[in-house]
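Reviewing the structure listed below.
We did not get these values from a lab; they are worked out from the coordinates using the rules stated. Predicted model only: the values in this text are computed from it and were never measured. We place every Cβ from the backbone using ideal geometry, glycine too, and count neighbours over all the protein chains shown.
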Amino acid sequence: MSETIMSKTVSRRKRKISASSIFIYAFLTLASLLSLFPFYWMFVMATRPSAAFSSVPPIVTPGGLLVENFQKVLEQIEFFKALGNTVIICTAVTLVVLLISSLAGFAFAKFKFPGKNLLFVGILLTMVIPPQLGLIPQYYLISQAGLLDTLSGVMILFFLNPLGIFLMRQYVSEAVPDELIEASKLDGCSNFRIYRSIVLPIILPAFATLGIIVFTAVWGEFLWQFTVLRDPEKYTIQVALASLNNTFKVDYGMLMSGVFWATVPLIIIFLCFNRLFIASITEGAVK
Amino acid sequence: MIVSKKRFVSEEKKDMISAYLYVSPFFIIFSLVGLYPAVYSLYLAFQKWDGLAPMTFVGLDNFRVVLEDPLFWKSLYNTLIIGVMGTAPQLIVGIILAFLLNLAYLKLKQFFRVTIFMPYITSMVAVALIFSVIFSNHEASLANYTLSVFGFDPVNWKTSEWGTKIAISLMVFWRWVGYNTIIYLAGLQSISNEYYEAATIDGASKMQQLLHITLPLLRPFILLTVFFSTVGALQLFAEPTVFLGNNAFTRDEAMTVVMYLYRDAFRLQSFGTASATAIILLIFIVIASAINLLLTSRIGKKRGVRSE
C-alpha cells in the first residue's frame, strides 16, 4: 500500500519535471539555433552566387562557389595581408600588455612604496575614460609622429590596459607566497630576478586568461583601426572587411565569403579552447 | 649593528625604486596616449580648428553649435533608442538563460553554453556584415521573407527610421546576450548551495528563494553588466557604420553620437565641434551610468524588503 503511494508520488514528480524540462530544453535549443543560424547562413551565402540571397523561398543549403567567391574577395582586398597585419598587431600588443601588466601587478601586490594606493586607484579610474574622448588628439598625435597608416600607430593605443594590471595584481597577491619572495631576497636575488624566475612561472596560467582578453579585444576593435588606417596596403582584417561593403553594388556571395574566411580561424581556436575563453570572460568580470 | 641598519634602509629603497620602475611603463604610456589627448580634447573644444590652419579661441561656441544642431539631438535620440532596445532585453534574456544553464540536472550543458557564447567571439564588423545581408532592403531578403511568411509588408532595413534601429538593436542583442549569460552564470555559481539548503529546510518556496537569495546575491553581477552595457551602448559605432556601408555618414536614421563625432572630425574637418561632442558624450555617459546603476541597485533592494 505505502509502496504504491510512494511510487505514485515519485511518478507524478517525474512527470512534472519532464513537462517543465521539455520547455527548458526547447527554450535552450531555440537559443542555440538562433545563436548558430547567422553563422550557418553566412556559410551558405559564401558558397552561392550573389543573386541567391534574394531567391524565394530562401536557399538554405550550401552551393559550390566556396572557392570562386573567395577568389573575388582576393580581387577586392588584400585578404591575407590584412589578416597578417591583424595577427602582428594582436600578438605584439598582447606580449607588451602581458609584460607591462605583470610587472606593475607584481609591484602593486608585493612592494611597499609611497603613493601606492593612490596610483592604483588612478589606474582603475583610467578605465572610466571613454576611448573616443581623446580620439582627435590621438589621431593628431599619431599623424604628427608620422605613424598614420602604420601598424605601430595602431598598436600604441592598445598598450594601455588598466584591466590587465588589476587582474595581475590580484593573481600575484593570491598565487605568489610572500615567504618565497623573502627567502629569495635573503639569497641575494635582485627584484627583477625574482620577477623573472619566481613570479613569472607562477603566473603563467593568468597570462593565458589575460592574453585571450587582450588578443580578442584588439582583433575585433574597429573605431581606432578605421581612423588610423587609410591605405588599403595597411588595412587590418576588420577595416578590409568593412571596405567590402562600401561599393554601391555589393556582391553578397563575395562579401559573406570574406567574412566567412575571416571568422573561421577564430571559431576553430574558440572551439578548441572554449573553456579557457569562457573562463577569461568570467575572470575578467568577477574579479 | 650600524651596517645592518644601513643595509636594511637601502633594501627598502631598492624595493621602492624597483616598484616605481615596474609601474612606470603604464603611466608613461597613459600620459602620452591617454591623459594628454583627453586634456587636449578639453582644450580643442574651445577652439575652431580644421587640422591645418592655426586655431582660434571661440569660447563656448562649439558647444552652442553642437547643442543647436538638430542632427546632434537626432544622433543622441538614435543612440538611446538603439541602446535601450539592444541592451535591456539582452540583460533579461541573459538572466533567464543563465538560470536555466545553472540547473543541476540539465544535460548538454557545455553544448548550450558554447553555442550561446559563440556570437561574442565574432567581431562587430563581421556581425554587422552578416546582418547587412540578412536585413537587406530587398523584398526577398531573409528578414523580409520571414516577415512575408507572417503576412507583414517588407521593411526598408537600411533606410527607414525604425527598420535600421531594429536591425542594429538585433545585432547588438545577438552578439552580447551570450556574454552576459556567462557573467550571470558565474554569478549564480558563486552562490553557495548551503543558502538554498538552509532555505529549503526553513520551508521557503522556490520563488522566495529566487527573491531572497538569488537576486540579492546576483546584484553585483547585474550592476556590472548594466554598467558595461550602458557605456557600450552610448559608444556604439562599428555596427551602424559597417551595416550602412556607403550611407553611414550621409543618412540620419541610425547615426549615433560617436558617428556624429567621427563625421565632424574626419569628414567635415571640424575638430573643435567634434571635441565638444566628445565632452558632451562623456557627460551623458557619466549621467546615464549613474542613473542606471542607481535604478538597478534600488530595484534589487526594494524587492528584498517588500517581500519580507
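Students often check this: by mean Cβ neighbours within 10 Å, which of B:120-131, B:34-45, B:232-243, A:230-241 ranks highest, and how do the rest follow? Walk me through the numbers before you get to the answer.
Working: B:120-131: 25.4, B:34-45: 19.1, B:232-243: 23.1, A:230-241: 21.1.
The densest-packed peptide leads the list: B:120-131, B:232-243, A:230-241, B:34-45.
Report the relative contact order of chain B, percent, no decimals, based on alpha-carbon pairs under 8 angstrom and at least 6 residues apart.
Details: 340 pairs, mean separation 85.1, N = 308.
Contact order relative to length: 28 percent.
Describe numerically, in nm with one decimal, the distance between label points set 7 Å from Cα along Cα→Cβ at B:ALA140 and at A:SER143.
Placing both labels 7 Å beyond Cα along the Cβ direction yields 4.6 nm.
Could you tell me which of B:PRO25, B:ALA254, A:TRP224 has its Cα farthest along the dipole of the protein assembly as shown towards the positive end, charges placed at Cβ (Lys, Arg +1; Asp, Glu -1), taken about the Cα centre?
B:PRO25
In whole angstrom, how far apart do the alpha carbon centroids of region A:190-250 and region A:65-96 sit?
Computed from Cα coordinates, the inter-centre distance equals 14 Å.
With a ≥ b ≥ c the root eigenvalues of the C-alpha gyration tensor of the protein assembly as shown, is it rounded (a/c under 1.5), prolate (a/b larger than b/c) or oblate?
In terms of gyration-tensor shape, oblate.
When you look at the Cβ of every residue in A:100-110, what mean number of other chain Cβ atoms sits within 10 Å? Display every interim value, and only then the final one.
Working: counts 7, 2, 1, 8, 7, 2, 4, 9, 3, 0, 4.
Per-residue shielding by partner chains comes out at 4.
Other chains near B:106-117: what is the mean number of their Cβ atoms within 10 Å of each residue's Cβ?
Values: counts 4, 2, 4, 1, 3, 3, 7, 5, 8, 10, 6, 6.
So the per-residue partner count for this stretch is 5.
At q = 0.10, 0.16 Å⁻¹, what is the log10 ratio I(q)/I(0) for chain B, with the Debye formula run over Cα points and no solvent?
-0.78, -1.27
Please report A:CYS90, A:CYS189 as a ranked list, fewest other C-beta atoms within 10 angstrom at the top and most at the bottom. Mind dumping the intermediate values first?
Details: A:CYS90 22, A:CYS189 16.
Sorted ascending by nearby Cβ count, the order is A:CYS189, A:CYS90.
Could you work out the local net charge near B:ILE116, counting Lys and Arg as +1, Asp and Glu as -1, over the other residues with Cβ closer than 12 Å to its Cβ?
Details: positive: B:LYS109, B:ARG113, B:ARG175; negative: none.
That works out to +3.
Calculate for chain B the 222 nm mean residue ellipticity that helices alone would give, adding -39,500 (n - 2.57) per DSSP H run of length 4 or more and normalising by residue count, nearest 500 deg cm²/dmol.
Details: 14 runs with 220 residues, N = 308.
-23500 deg cm²/dmol, from helical runs alone.
Name the most mobile residue of B:TRP157, B:TRP176, B:TRP49, meaning the one with the largest mean-square fluctuation, in a Gaussian network model of chain B with Cα contacts below 10 Å.
B:TRP49
Using the alpha-carbon centroid of each, what span in Å lies between region A:111-134 and region B:63-110?
Region A:111-134 and region B:63-110 have Cα centres separated by 28 Å.
Ranked by Cβ crowding within 10 angstrom, fewest neighbours first, how are B:THR225, B:THR250, A:THR91, A:THR209 ordered? Mind showing how you got there, number by number?
Numbers: B:THR225 23, B:THR250 10, A:THR91 13, A:THR209 20.
Lowest count first: B:THR250, A:THR91, A:THR209, B:THR225.
In whole percent, what relative contact order does region A:77-244 give with Cα contacts below 8 Å and a gap of six or more residues? Numbers along the way, then the final one.
Values: 155 pairs, mean separation 77.3, N = 168.
Relative contact order for region A:77-244 comes out at 46 percent.
Could you give the nm distance between label points at A:PHE248 and B:LEU108, where each point is 7 Å from its Cα heading toward the beta carbon?
That separation, rounded to one decimal, is 4.8 nm.
Counting other Cβ atoms within 10 Å, keep those with at most 12, restrict to DSSP loop, and tell me which trypsin sites (Lys or Arg not before Pro) in region A:79-162 are left. Spell out each step's value before the answer.
On the way: sites: A:LYS81, A:LYS110, A:LYS112, A:LYS116; in loops: A:LYS112.
Taking region A:79-162 and a limit of 12 other Cβ atoms within 10 Å, the loop trypsin sites (Lys or Arg not before Pro) found are A:LYS112.
Roughly what would the spin-label model give for A:THR150 and A:GLU174, points 7 Å off Cα along C-beta, in nm?
4.0
Distance from a point 7 Å along Cα→Cβ of B:VAL39 to each backbone N in region A:130-165: keep the residues under 15 Å and list them by number.
Counting backbone N atoms under 15 Å from the label point, the list is A:134, A:137-138.
Using Cα pairs closer than 8 Å and at least 6 residues apart in sequence, work out the relative contact order for chain A, in percent.
Numbers: 256 pairs, mean separation 89.4, N = 287.
Worked out over chain A, it gives 31 percent.
Other chains near A:28-36: what is the mean number of their Cβ atoms within 10 Å of each residue's Cβ?
Values: counts 12, 4, 0, 11, 8, 1, 5, 12, 4.
Partner-chain Cβ atoms within 10 Å, mean over residues of A:28-36: 6.
Under a GNM of chain B (C-alpha, springs under 10 Å), which listed residue has the highest mean-square fluctuation: B:VAL33, B:VAL133, B:VAL58?
Looking only at B:VAL33, B:VAL133, B:VAL58, the largest GNM fluctuation is found for B:VAL33.
What is the magnitude of the charge dipole of the protein assembly as shown about its Cα centre, with +1 placed on the Cβ of each Lys and Arg, -1 on the Cβ of each Asp and Glu, and no other charges, expressed in debye to the nearest 20? Can you show the working numbers first?
Details: 45 positive and 33 negative charges, 328 e Å.
About 1580 debye.
Would you list B:ASP264, B:ASP153 from fewest to most Cβ contacts within 10 Å? Kindly include the intermediate steps, with their values, before the conclusion.
On the way: B:ASP264 26, B:ASP153 8.
If I rank by nearby Cβ atoms, fewest first, I get B:ASP153, B:ASP264.
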